[in-house]
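Here is the structure we will look at.
Every number in this text was worked out from the coordinates using simple rules, so none of it is lab data. Given the structure is predicted, the values throughout are model-derived calculations rather than measurements. FYI the Cβ positions are ideal-geometry reconstructions off the backbone, even for glycines, and counts take in every protein chain you see.
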Ligand code: THG
């Protein structure tokens, strides 16, 4: 089954940032309820945008979010220290977002993750920066999986993020992402792949059309999770349907269940 990581509790979103600054419990609680009802697997929590306030904001958000949902959380920060504090405050096995091969991040994260009960998102980034080719992405994915397995992680707990880059920057970025996902899912059998879906449409108009189309095409290539705004109209129906057509839904059971529940409607 496809893993939906709901991205909306993120202080880069202006309304969320204002709600966090004002400690507006209602706004955050209401959004998390909507995300839960809409079928998230994880709720992403990112408190990174108010410089100098990340730790206190993250603690407050974790308390509010866990007060209204029993879903597990995706702890989203580039700072290993914040992830460590956050890990200590969650009640369900979280997804830690993220480790990468950048030295400043890799060394503390490997130490931190050893022996922890969690899933982990691994970014195909190293000190040379964003990956430029499919080969770059796949080589980094293989290194990350080897290192994570060496500290005891099972492949089912590893989510590889190829780092989706905008079409507005390079017309081949969609193909690079799809080819990378296909190769990773074949060569590293058992891992998951995920990533920020809306990165693809950055700089374009009608972003949601681009995001929806890209998601279907990525699922056809084996993508089995996304960090996304699943409250977007129709995107959950599309996800369930694409996942079925890609062969991930035995006897179409999940599709049929979703239709009966009124979640897939044409
Ligand atoms: N990979 C991993 N984690 C990630 C990302 C990724 N976490 C953060 C991000 N990318 C995914 N989360 C979001 C959350 C919100 C938005 C986009 C990605 C969003 N942005 C609007 C925009 O870009 O225009 C801002 C709108 C606003 O300011 O209100 O909605 O790639 N592992």
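Ordered by the number of other Cβ atoms lying within 10 Å of each residue's own Cβ, fewest first, 124, 213, 118, 74 fall into the sequence 213, 118, 124, 74. Entry note, the range 22-73: relative contact order of 50 percent, from Cα contacts under 8 Å with a spacing of 6+ residues. The length gained on full extension between residue 251 and residue 1, counted as 0.36 nm times the residue separation minus their Cα-Cα distance, comes to 88.7 nm.
Here each label is just a point 7 Å from Cα along the line to Cβ, and for residue 92 and residue 26 those points are 2.7 nm apart. Here the sum of -39500 (n - 2.57) over DSSP H runs of 4 or more residues, divided by the residues of the chain, equals -14000 deg cm²/dmol at 222 nm, to the nearest 500. Based on the Kirkwood approach, the hydrodynamic radius assigned to the range 3-149 is 15.9 Å, with every pair of different Cα atoms included. A Gaussian network model of the chain, with springs between Cα atoms under 10 Å, assigns the largest mean-square fluctuation among 59, 81, 14 to 14. For a paramagnetic label modelled at 7 Å from the Cα of residue 63 toward its Cβ, which residues of the range 1-35 fall within the zone defined by backbone nitrogen distances under 17 Å? Under cut-off, by backbone N: 19-30.
Stokes-Einstein, applied to the Kirkwood radius of the chain over Cα pairs at a viscosity of 0.890 mPa s and 25 °C, places its translational diffusion at 130 µm² s⁻¹. Using only the alpha-carbon atoms of the range 1-58 as identical scatterers, what base-10 log of I(q)/I(0) does the Debye formula give at q = 0.14, 0.15, 0.28 Å⁻¹? For the range 1-58 at q = 0.14, 0.15, 0.28 Å⁻¹, log10 I(q)/I(0) is -0.38, -0.43, -1.16. Of interest is the spacing of the C-alpha centroids, which for the range 73-117 and the range 210-235 amounts to 25 Å. Extending 7 Å from the Cα toward the beta-carbon at both residue 172 and residue 117 defines two label points whose distance is 4.6 nm. Within the range 64-88, which residues have the backbone N less than 18 Å from the label spot 7 Å out from residue 51 along Cα→beta-carbon, could you tell me? From the range 64-88, the list is 78-79. Taking every DSSP beta bridge that has both ends in the range 1-144, the antiparallel portion is near 5%.
Among 80, 108, 94, whose mean-square fluctuation peaks in a Gaussian network model of the chain (Cα, cutoff 10 Å)? Judging by the Gaussian network model, the answer is 108.
Give the calculated FRET efficiency between residue 41 and residue 17 to the nearest 0.05, with a Förster radius of 25 Å applied to their Cβ-Cβ distance.
In this case the efficiency is close to 0.50.
Computed from label points 7 Å out along Cα-Cβ, the spacing between residue 265 and residue 133 is 5.0 nm. Beta bridges assigned by DSSP with both partners in the chain are antiparallel in approximately 5 percent of cases.
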